[in-house]
Amino acid sequence: MARTIYVLNGPNLNMLGTREPEIYGRATLADVEKLCADTAAGFGLTADCRQSNGEGELIDFIHDAHAKRAAGIVINAGGYSHTSIALHDALVAANIPTVEVHISNIHARESFRHHSFTASAAFASLCGFGIDGYRLAIDGLAARIGAVKSGEKVKP
Ligand code: CA2
């Protein structure tokens, strides 16, 4: 059975592609989710993509990932990254290899975006690569969990 990774997007990311293209580009959330599904499939993984504008629902998604023994999590918690100790705690408790993604370079923006509570619960963080960050995150996650590209031999 294909192993599943959860791709979690937080508040306002359902608006991708509709405003602020100079910061977030023109791709929509549907484009991001297709990119993730295709990238994961290349490693024989299934991407379970979810978005919520609610902090509690995002925490429920993380609990679900834990209950379903997900192989990994890619999370862009949006604005909650900068505020939510509860999301940090849920990720730590889930104890699932996690990569944090931000579409924009949060360090080149307002100072309130420079700190992320979710970052310290992840083994890696990516920001500033646009939506390609999701593909890079899944590549890195796959390497971390030992998933190999379909058709690629495992190195002895
Ligand atoms: O760069 C990122 O991915 C962010 O996580 C996006 C969050 C922001 O609060 C973080 O600081 C950085 C905001 C997402 C809002 O997305 C929109 C995209 C297009 C139109 C409206 C909102």
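The values are calculated or read from the model by the stated rules, or taken from the named source; none is laboratory data. What you see is a predicted model, and the numbers here were worked out from it, not measured in a lab. Reconstructed Cβ throughout: ideal geometry from the backbone, glycine too, with neighbour counts over all protein chains shown. Just the protein is used for accessible areas: all its heavy atoms, side chains included, with ligands, DNA and RNA removed. Shrake-Rupley method; radii C 1.70, N 1.55, O 1.52, S 1.80 Å.
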Tell me, please, whether a residue that is within 16 Å of the ligand (Cβ to nearest atom) and of a type in the set (Ser, Thr, Tyr) can be found in region 61-81.
yes
Could you please tell me which pairs satisfy a Cβ distance under 7 Å, a separation of 6+ or placement on different chains, a first residue in region 35-59 that is at positive phi, and a second residue that is in a loop (DSSP other than H, G, I, E, B) and not charged (D, E, K, R)?
GLY44/ALA2; GLY44/ALA147; GLY44/SER150
How many of the residues making up region 1-14 are free of Cβ contacts under 8 Å to residues at least 40 places away in the same chain and either surrounded by 14 or more Cβ atoms within 10 Å (Cβ to Cβ) or under 14 Å from the mean Cα position of the chain (by Cα) (or both)?
1
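Quick grid of which residues meet (1) more than 10 Å from the ligand (Cβ to nearest atom); (2) modelled with pLDDT of 95 or more; (3) touching a helix residue (DSSP H, G or I) at 6+ places or on another chain (Cβ under 9 Å):
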{"position": "MET1", "(1), (2), (3)": "yes, no, no"}
{"position": "GLY10", "(1), (2), (3)": "no, yes, yes"}
{"position": "LEU16", "(1), (2), (3)": "no, yes, yes"}
{"position": "ARG19", "(1), (2), (3)": "no, no, no"}
{"position": "LEU29", "(1), (2), (3)": "no, yes, yes"}
{"position": "LYS34", "(1), (2), (3)": "yes, yes, no"}
{"position": "ALA37", "(1), (2), (3)": "yes, yes, no"}
{"position": "GLY42", "(1), (2), (3)": "yes, yes, yes"}
{"position": "THR46", "(1), (2), (3)": "yes, yes, yes"}
Check region 88-108 and report whether any residue there is of a type in the set (D, E, K, R), in contact with a Ser or Thr (Cβ under 8 Å, 6 or more places away or on another chain) and within 12 Å of the ligand (Cβ to nearest atom).
yes
Only one of (1) assigned to a loop (DSSP other than H, G, I, E, B); (2) open to solvent by 50 Å² or more (accessible area, probe 1.4 Å); (3) in contact with a strand residue (DSSP E or B) (Cβ under 8 Å, 6 or more places away or on another chain) does not apply to ARG19, and that is (3)
